[in-house]
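Encoded as structure tokens, the structure appears first; notes follow it.
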Amino acid sequence: MEITDFSLDHFSLQGKVALVTGGNSGLGQAFSLALAKAGADIFVPSIVDDDGTTRHLIEETGKKYEFFEIDITSNKAPEQIISTAIDRLGGLDIIVNSAGISKLGNVENFDRSQWDPMLDINLTAPFALSHAAIEHFTAQKSGKIINIASLFAFLGGQGSPAYAATKHGIVGFTKAYCDELAGYGIQVNAIAPGYFATAITTATRADPEASRRVLEHIPAGRWGEVADLMGTVVFLASRASNYVNGHVLTVDGGYLVR
């Protein structure tokens, strides 16, 4: 591509179909809306739908929203999700593995009853869903897989050992899939959000001392807002990032440099 060939159209997702797990709540809902605003139709597999807010937000952009009720951790879910997305929306170009859970607990108090569900949702489900899409993506010689990591992919994760382990695993999975699939025109990247003002961080933000400790570590001096992630996911889902592969893009206000 010559430099004169570049245009803002490289960020457009017109005609694309994006599958977003956890795409009707929290950060996932922001990812869904961002991709729709950029032109993509949205497919959200989840065990529960929301109150209609996500559908309204997506359809206001003029794009399609399809919800598929399913447990993404069930054995046959990945193949069902991929085939249903293609059947309902006519194709599949982007997967955002956004669904995740976090349970707090020190190492000595953490057992398999807490560990296993977190591994299932945060790590095994993204792997299985991405694996199920490989045949489709390799056949069309294109595809974007965007995994959601965390700052805890780089840190010890004090107070949440299983969460840290899953996010370290997501980074390894991202790099391994890039290495295997780049030759097919498929990009596999990850976003590592920092501390964001979401439901998960409500208790920390409400505790003045805990909030102060977090903010002192962020050069930007503020908690992230979900809108801060929307441009990032559009970039990684678009043609503009075609030579970005196996990368973990931190969106953390500078947390990791301090």
Task: Among (1) over 20 Å from residue 233 (Cα atoms); (2) touching a residue at least 60 places away in the same chain (Cβ under 8 Å) - the single one residue 98 does not satisfy - done: (1)
TODO: Filter segment 105-130 for residues that are touching a Pro at 6+ places or on another chain (Cβ under 6 Å) and either outside any helix (DSSP H, G or I) or closer than 12 Å to residue 147 by Cα (or both) and give the result.
DONE: 110, 129
Open item on the list: Just to be sure I understand, how many residues within segment 154-181 are aliphatic (A, V, I, L, M) and out of contact with any Ser or Thr (no Cβ under 9 Å at 6 or more places or on another chain)?
Closed with: 4
Task: Whichever residue in segment 44-72 is basic (Lys, Arg) and out of contact with any helix residue (DSSP H, G or I) (no Cβ under 6 Å at 6 or more places or on another chain) and, among such residues, is surrounded by the most Cβ atoms within 10 Å (Cβ to Cβ) - done: 55
Task: Pick from segment 127-170, criterion of a type in the set (Val, Ile, Thr) and buried (at least 20 other Cβ atoms within 10 Å of the Cβ), ranking: farthest from residue 15 (Cα to Cα) - done: 166
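Yes/no matrix, rows are residues, columns are (1) at pLDDT 95 or above; (2) within 28 Å of residue 38 (Cα to Cα); (3) part of a loop (DSSP other than H, G, I, E, B):
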position: 74; (1), (2), (3): yes, no, yes
position: 78; (1), (2), (3): yes, yes, no
position: 82; (1), (2), (3): yes, yes, no
position: 99; (1), (2), (3): yes, yes, yes
Task: Every residue from segment 195-213 that is of a type outside the set (S, T, N, Q), within 20 Å of residue 148 (Cβ to Cβ) and surrounded by fewer than 18 Cβ atoms within 10 Å (Cβ to Cβ) - done: 197, 199, 200
- [ ] Can you work out which of the residues in segment 1-43 that are assigned to a loop (DSSP other than H, G, I, E, B) and of a type in the set (D, E, K, R) is surrounded by the most Cβ atoms within 10 Å (Cβ to Cβ)?
- [x] 16
Task: Matching entry among 154, 173 (being closer than 15 Å to residue 249 by Cβ, among the hydrophobic types (A, V, I, L, M, F, W, C) and either under 18 Å from the mean Cα position of the chain (by Cα) or at pLDDT below 95 (or both)) - done: 154
Task: Search result, residues across segment 21-36 that are touching a residue at least 60 places away in the same chain (Cβ under 8 Å) and more than 23 Å from residue 102 (Cβ to Cβ) - done: 35
Task: Whichever residue in segment 185-213 is modelled with pLDDT of 95 or more and among the β-branched types (Val, Ile, Thr) and, among such residues, is nearest to residue 126 (Cα to Cα) - done: 188
TODO: Could you check residue 244 against (1) among the aliphatic types (A, V, I, L, M); (2) at pLDDT below 95; (3) surrounded by fewer than 20 Cβ atoms within 10 Å (Cβ to Cβ) and say which number it fails?
DONE: (2)
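The values are calculated or read from the model by the stated rules, or taken from the named source; none is laboratory data. Owing to the predicted nature of the structure, the values given are computational and were not obtained by experimental measurement. With ideal geometry, Cβ positions are generated from the backbone for all residues, glycine too; neighbour counts draw on all protein chains shown.
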